[in-house]
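Asks: Below is a structure I'd like to ask you about.
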Amino acid sequence: MKIIVFGATGGVGQQVVKQALEKGIKVPAFVRTPSKIAWVDEALEII
């Protein structure tokens, strides 16, 4: 499965990223403010 998340720092975006990472899916996440990302995971690519 492939997934990309726009607005990954918002409420819904955070939940989508969290659930995808828990399932082992690599997630490219587009954000305006990278410092708002509170988690670190090798499968998470912040753009």
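Just so it is clear, none of the values below were taken in a lab; they were calculated from the coordinates. Model, not experiment: these values are computed from the prediction. Every residue, glycine as well, gets a Cβ built from its backbone with ideal geometry; the counts of neighbours run over all protein chains shown.
Asks: Using a basic spin-label model with each label point 7 Å from the Cα along Cα→Cβ, how many nm lie between Ala43 and Val12?
Replies: About 2.3 nm separates the two model spin labels.
Asks: In Å and from the alpha-carbon atoms only, list the Rg and Dmax of the chain.
Replies: Reported Rg and Dmax, both Å: 9.3, 27.
Asks: Angle between the Cα long axis of helix 11-22 and the longest principal axis of the chain, 0 to 90 degrees, nearest 10?
Replies: 30
Asks: Calculate for the chain the 222 nm mean residue ellipticity that helices alone would give, adding -39,500 (n - 2.57) per DSSP H run of length 4 or more and normalising by residue count, nearest 500 deg cm²/dmol. Kindly include the intermediate steps, with their values, before the conclusion.
Replies: Numbers: 1 runs with 12 residues, N = 47.
The per-residue figure over the chain is -8000 deg cm²/dmol.
Asks: In terms of modelled amide H atoms, which long-range or inter-chain residues lie less than 5 Å from the amide H of Ile46?
Replies: Answer set, sorted by chain and number: Ala29.
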